[in-house]
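One structure is given below, encoded as structure tokens.
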Amino acid sequence: MAGNYMNAPSPRLAWDRDGSILVFISTANAVTAQAAANRRVVNSEAEDFIQSVENQKSFAVIFPIPTNAVALFFAATYAVTYDTAPAWTVETSKDTTNGVDGTWTTQYLTNQTPMSVVKPNYRISSNLITLQDNSSSRDLRGIRVTSDYSYSGSSVLRLKAFQIYGEPANSATPDRLDFRSELTDAKLTPYFFDWGNVPRSSSEDRSFRIKNLSATLTATDIDLYVEALTPGVPPVDAMHTISADGGASFLPSQVIASILPGALSGVFILRRTVPSNAQVSVWSARVAADVNLWEV
């Protein structure tokens, strides 16, 4: 499905927009929350970065709901050359509220220098950090990464990417939507919307439905669309349109009036149309379904 690059091991979390919090943490455990714009930078595929201040050697993402995590990718550089190779530690917590408190379990420790370039490294499986396949990776409330490096001058860290693969845990709230098969109630594979190797001047369709997982609430006024954190020129999200009428017409977005508790929507068709002048690179976009109102 993914052509020259990996199939995603799990859905890539949209943690920049789902209520998660990104923080920098100092060596004195002072926590600095990052703005929404910074969350989007770090969860994108661009080569932009956000910068810590002096002695902030840790960063963490705190989830709004219990989350099962499978793997992650991160890229970072430094404002100055470090004196010794850093030891990067990845930890997970089931009960943190701010990235410092709670109980933490060490998942991964390495002396390897982190990736400094995001593309195409984020789509190469050997560059992912695979988390332990046990309870320490389930029902998580946070993931923290710490760099223990020595330096002669500034300790400023430049964080370029932090991408997490996983999905809501069974204990998470059921009042949410999920993408399902066109024909059955089966969940889509994590790479269903991966177009693989895509030539210019080409088009392809994928059909799907949306399920309301809530047992009691109706999802009302749902916006269905495609967005790309790294837009490209021409924009990658604009290369996608959606049909709600069996392919008779395609629009940049669709509005779903409502989906009853436990029910499936009608079939939608996602169409990819790549123009002749599309930039040749590795690109990512995501299909979003935003519920504006939950009703009893």
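Here, each number is a calculation from the coordinates, and none is a lab measurement. All of these numbers come straight from a predicted model, not from anything done at the bench. Please note: Cβ atoms are built from the backbone with ideal geometry, for glycine as well, and neighbour counts cover all protein chains shown.
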**Fill in**
Calc'd 3J(HN,Hα), the stretch 52-69, phi into Karplus 6.51 cos²θ - 1.76 cosθ + 1.60 (θ = phi - 60°), Hz, glycine/Pro = x, comes to 6, 9, 3, 6, 8, 9, 10, 9, 8, 10, 10, 8, x, 9, x, 10, 9, 10
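Charges only on Cβ, +1 for Lys and Arg, -1 for Asp and Glu: so what's the dipole of the stretch 177-295 about the Cα centre, in debye to the nearest 20?
The dipole of the stretch 177-295 has a size of about 320 debye.
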**Message:** Show me, for the stretch 121-126, the HN-Hα J-couplings you get by feeding each phi into the Karplus relation (A = 6.51, B = -1.76, C = 1.60, θ = phi - 60°), rounded to Hz, glycine and proline as x.
**Reply:** 4, 5, 9, 10, 4, 5
**Asked** According to the square roots a ≥ b ≥ c of the eigenvalues of the Cα gyration tensor, what is the shape class of the stretch 21-168, taking rounded for a/c under 1.5, prolate for a/b larger than b/c otherwise, and oblate for the remainder?
**Response** rounded
**Request:** Counting other beta carbons within 10 Å of each Cβ, put Tyr225, Tyr122 in order, fewest first.
**Result:** Tyr225, Tyr122
**Prompt:** Ranked by Cβ crowding within 10 angstrom, fewest neighbours first, how are Ile124, Ile259 ordered?
**Reply:** Ile124, Ile259
**Item:** Karplus (6.51, -1.76, 1.60) ³J(HN,Hα), θ = phi - 60°, over the stretch 217-227, in Hz, Gly and Pro reported as x
**Value:** 10, 8, 7, 10, 6, 9, 8, 10, 6, 10, 10
**Message:** Cut-off under 22 Å on the C-alpha distance; same-chain residues fewer than 8 positions from Lys94 excluded. Which lysines are left, in chain and number order?
**Reply:** Lys57
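Which number do you get for Rg(Cα) / (2.2 N^0.38 Å) in the stretch 177-295?
That works out to 1.10 for the stretch 177-295.
Using a 10 Å cut-off around each Cβ, can you sort Tyr108, Tyr78 from fewest to most neighbouring Cβ atoms? Mind dumping the intermediate values first?
Details: Tyr108 15, Tyr78 19.
Ranked by crowding around the Cβ, least crowded first: Tyr108, Tyr78.
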**Complete:** Residue span Ser202 to Ser10: 0.36 nm per residue of separation minus Cα-Cα distance leaves a gain in nm of 66.4 nm
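Once the piece of chain linking Thr110 and Gln51 is laid out straight, how much longer is it, given 0.36 nm per residue of separation minus the C-alpha distance between them?
Value of the extension gain: 19.0 nm.
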**Listed peptides 9-22, 237-250, 175-188, 60-73 by packing density, highest first (mean Cβ within 10 Å)** = 60-73, 9-22, 237-250, 175-188
**Fill in**
If N is the residue count of the chain, its Cα Rg over 2.2 N^0.38 Å rounds to 1.05
**Request:** Compute the FRET efficiency between Thr218 and Arg17 as 1/(1 + (r/R0)^6), taking r as their Cβ-Cβ distance and R0 = 30 Å, and round to the nearest 0.05.
**Result:** 0.85
**Amide proton proximity set for Leu217, modelled H, under 5 Å, gap of 5+** = none
**Message:** Please give the charge dipole size of the stretch 55-132, origin at the Cα centre, charges +1 on K and R Cβ atoms and -1 on D and E Cβ atoms. Round to the nearest 20 debye.
**Reply:** 280
**Complete:** Full extension between Ser171 and Thr103 adds, at 0.36 nm per residue less the Cα distance, a length in nm of 22.6 nm
**Request:** Take Val117, project a point 7 Å from its Cα along the Cβ direction, then tell me which residues of the stretch 26-45 have their backbone nitrogen under 17 Å from it.
**Result:** 45
**Fill in**
So for R0 = 41 Å, FRET eff. of Ala79-Ala186 from the Cβ-Cβ r, to 0.05, ends up at 0.30
**Prompt:** What nm value, rounded to one decimal, do you get for the distance between Gln132 and Ile65 when each label is placed 7 Å out toward the C-beta?
**Reply:** 2.6
**Request:** Enumerate the amide H contacts of Leu140 below 5 Å, restricted to partners 5 or more residues apart or on another chain; note that Pro and chain-start residues carry no placed amide H.
**Result:** Thr67, Asn68, Ala69
